[in-house]
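J.: The structure that follows is given in the form of structure tokens.
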Amino acid sequence: MKFTQEHKELQRTTRSFIDNEMNPFTEQWEREGIFPAHKLFKKLGDLGLLGIAKPEKFGGLGLDYSYQVAFAEELGTARAGGAALAIGVQTDMATPALAKFGSDELKEEFLAPAIRGEKVACIGVSEPGAGSDVASVKTTAKKDGDDYVINGTKMWITTSTQADFMCLLANTSDDKVHKNKSLIVVPMDTPGISFSEKLNKMGMRSSDTAQVFFDDVRVPQRNRIGAEGAGFMMQMIQFQEERLFGAAMAVKGLEQCINDTITYCRERHTFGQPLINNQYVHFRLAELQTEVEALRALIYQATETYVNGGDVLTLASMAKLKAGRLSREVTDSCLQFWGGMGYMMENDVNRVYRDMRLTSIGGGADEIMLGIICKMMGTLPGKRG
Ligand SMILES: Cc1cc2nc3c(=O)[nH]c(=O)nc-3n(C[C@H](O)[C@H](O)[C@H](O)COP(=O)(O)OP(=O)(O)OC[C@H]3O[C@@H](n4cnc5c(N)ncnc54)[C@H](O)[C@@H]3O)c2cc1C
């Protein structure tokens, strides 16, 4: 994958947005446990950044997915990881299936305003009893006349308290678990929807995360994305972009963490010399930078395959796994070199350590990625061993 002038231009626009509209507010958003999604998304929408790889017919830029990866990479430099995550939810977690499989009517009503930044989206897959095991979700959407009536609970939903609509995964029949699910667009002001208090998270504190309760929530059946019963399959496809995007977002965040640590270790003196002069310190940082470059190469390979229409299941899972592993290794090693300063909550290295811990858990934990890779390698034992 080769970055063209257009990719670089897109990254410059994104970087300038982050520097001017996001990073100055990091402390405030972290303290308040929320960022102003509508205000921020409108500005992003005006720049075209919420629809980079989305169809032009609905206001997107219609570019290939390599441009979205370039955007994700740059978004990793946002200091408020929670707000960056919420942008990723809008573009790569809650709307890919709608863009690929939704009716034109549904796209006009929900996708176009999401691309313009006028509607905020969230994704409702996880439940208190079903995170990794997506097939076991219990929320139901039962037909009643022209409507679905939805009952159940969704857990850890990013931006849910501000969102205008949710892309919801629910059981629409009693068929087998991979064939009984549908994706449904649910306007969040529909009667019967309520929320828990904002969840108290170790990281991603600038984003609002809550539990969402559905009590006889009625939405028209025309809000279903694609065919009934195809929801599980569409969600698995939707995960491909989520995982590529999540991995790409880690790259520059980790590089920034390494660079911040280099700056600190040049300034901090121990035993009469800058910390950076210790071979263990500069060698370790070189090793971490090498790992990040390897991750970047893997992401570019996966992206190129995806853009060329290839099957990206293995490579996207590997990229997500490697990003998860490095999100822990790099931030932990860097924090160590900050000593007591690294242990302070308000410190950048501390925040990135807490924020990026999510990479190994959200959107398919490391172990789920390993399971997929093993399946593709033919080494995953069958149900009967
Ligand atoms: C801050 C935050 C934001 C989130 N935002 C959203 C959102 O917007 N929408 C949404 O739908 N969800 C969201 N999630 C949920 C997230 O996707 C899930 O937490 C994740 O999929 C893991 O599910 P779980 O927590 O139920 O873990 P579990 O499924 O209970 O698994 C626990 C751990 O067990 C291990 N494990 C699980 N299965 C296996 C296996 N087969 N083999 C080996 N080990 C295994 C893994 O280490 C895993 O971390 C969010 C979570 C967080 C923390």
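J.: Can you tell me which of (1) part of a loop (DSSP other than H, G, I, E, B); (2) surrounded by fewer than 24 Cβ atoms within 10 Å (Cβ to Cβ); (3) hydrophobic (A, V, I, L, M, F, W, C) is the one Val149 doesn't meet?
T.: (1)
J.: Taking the stated definitions as given, is Lys138 more than 11 Å from the ligand (Cβ to nearest atom), open to solvent by 40 Å² or more (accessible area, probe 1.4 Å), assigned to a loop (DSSP other than H, G, I, E, B) and not hydrophobic (A, V, I, L, M, F, W, C)?
T.: yes
J.: Here is a further query. So Ala302 clears everything in (1) closer than 19 Å to Gly76 by Cα; (2) away from the ligand (no atom under 16 Å from the Cβ); (3) under 23 Å from the mean Cα position of the chain (by Cα); (4) free of Cβ contacts under 8 Å to residues at least 40 places away in the same chain except one condition, right? Which one?
T.: (4)
J.: OK, next. Given the residues Ser194, Ser132, Ser182, which is the only one that is part of a loop (DSSP other than H, G, I, E, B) and not aliphatic (A, V, I, L, M)?
T.: Ser132
J.: Restricting to the stretch 1-45, give me the number of residues that are closer than 18 Å to Gly117 by Cα, open to solvent by less than 20 Å² (accessible area, probe 1.4 Å) and not in a helix (DSSP H, G or I).
T.: Residues flagged as closer than 18 Å to Gly117 by Cα, open to solvent by less than 20 Å² (accessible area, probe 1.4 Å) and not in a helix (DSSP H, G or I) within the stretch 1-45 amount to 1.
J.: Among the residues that make up the stretch 371-382, is at least one of them away from the ligand (no atom under 16 Å from the Cβ), part of a loop (DSSP other than H, G, I, E, B) and open to solvent by 90 Å² or more (accessible area, probe 1.4 Å)?
T.: Scanning the stretch 371-382 turns up no residue that is away from the ligand (no atom under 16 Å from the Cβ), part of a loop (DSSP other than H, G, I, E, B) and open to solvent by 90 Å² or more (accessible area, probe 1.4 Å).
J.: When only residues in the stretch 85-107 that are of a type in the set (A, V, I, L, M), within 20 Å of Met236 (Cβ to Cβ) and open to solvent by 10 Å² or more (accessible area, probe 1.4 Å) count, which is farthest from the ligand (Cβ to nearest atom)?
T.: Among those that are of a type in the set (A, V, I, L, M), within 20 Å of Met236 (Cβ to Cβ) and open to solvent by 10 Å² or more (accessible area, probe 1.4 Å), it is Ala99.
J.: So, in the stretch 180-199, of the ones that are surrounded by 14 or more Cβ atoms within 10 Å (Cβ to Cβ) and among the polar types (S, T, N, Q), which residue ends up nearest to the ligand (Cβ to nearest atom)?
T.: Among them, the one singled out is Ser196.
J.: Working only within the stretch 169-179, note down all residues that are crowded, with 19+ Cβ neighbours inside 10 Å and either without any contact (Cβ under 8 Å) to a residue 12 or more places away in the chain or not in a strand (DSSP E or B) (or both).
T.: Answer for the stretch 169-179, where residues must be crowded, with 19+ Cβ neighbours inside 10 Å and either without any contact (Cβ under 8 Å) to a residue 12 or more places away in the chain or not in a strand (DSSP E or B) (or both): just Thr172.
J.: So, one more: Taking the stated definitions as given, is Ala365 closer than 24 Å to Ala80 by Cβ and either in contact (Cβ under 8 Å) with a residue 40 or more places away in the chain or surrounded by fewer than 19 Cβ atoms within 10 Å (Cβ to Cβ) (or both)?
T.: yes
J.: Within the stretch 245-263, is even one residue open to solvent by 60 Å² or more (accessible area, probe 1.4 Å) and either modelled with pLDDT of 95 or more or hydrophobic (A, V, I, L, M, F, W, C) (or both)?
T.: yes
J.: Residues of the stretch 180-206 being of a type in the set (Gly, Ala, Ser) and touching a residue at least 60 places away in the same chain (Cβ under 8 Å), which ones?
T.: Answer for the stretch 180-206, where residues must be of a type in the set (Gly, Ala, Ser) and touching a residue at least 60 places away in the same chain (Cβ under 8 Å): Gly203, Ser206.
J.: Any residue at all in the stretch 331-338 that is surrounded by fewer than 17 Cβ atoms within 10 Å (Cβ to Cβ) and either away from the ligand (no atom under 16 Å from the Cβ) or basic (Lys, Arg) (or both)?
T.: There is at least one residue in the stretch 331-338 that is surrounded by fewer than 17 Cβ atoms within 10 Å (Cβ to Cβ) and either away from the ligand (no atom under 16 Å from the Cβ) or basic (Lys, Arg) (or both).
J.: Which is buried (at least 23 other Cβ atoms within 10 Å of the Cβ) and in contact with a strand residue (DSSP E or B) (Cβ under 8 Å, 6 or more places away or on another chain), of Gly124, Gly131?
T.: Gly124
J.: I would also like to ask the following. Just checking, which of Met234, Met166, Met155, Met204 is aliphatic (A, V, I, L, M), more than 13 Å from the ligand (Cβ to nearest atom), within 23 Å of Ala114 (Cα to Cα) and buried (at least 17 other Cβ atoms within 10 Å of the Cβ)?
T.: Going through Met234, Met166, Met155, Met204 in turn, just one is aliphatic (A, V, I, L, M), more than 13 Å from the ligand (Cβ to nearest atom), within 23 Å of Ala114 (Cα to Cα) and buried (at least 17 other Cβ atoms within 10 Å of the Cβ): Met234.
J.: Something else about it: Do we find that Glu118 is open to solvent by 30 Å² or more (accessible area, probe 1.4 Å), touching a Phe, Trp or Tyr at 6+ places or on another chain (Cβ under 9 Å) and in a helix (DSSP H, G or I) in this structure?
T.: The answer is no for Glu118.
J.: Output the number of the condition that Gly342 fails; it satisfies all remaining conditions of (1) open to solvent by less than 30 Å² (accessible area, probe 1.4 Å); (2) within 16 Å of the ligand (Cβ to nearest atom).
T.: Unmet condition: (2).
The values are calculated or read from the model by the stated rules, or taken from the named source; none is laboratory data. What you are looking at is a predicted structure, and each value in this text was computed from that prediction instead of being measured. Positions of Cβ are generated from backbone atoms using ideal geometry, with glycine treated the same way; all protein chains shown enter the neighbour counts. For accessibility, only protein heavy atoms count, side chains too; no ligands or nucleic acids. Shrake-Rupley method; radii C 1.70, N 1.55, O 1.52, S 1.80 Å.
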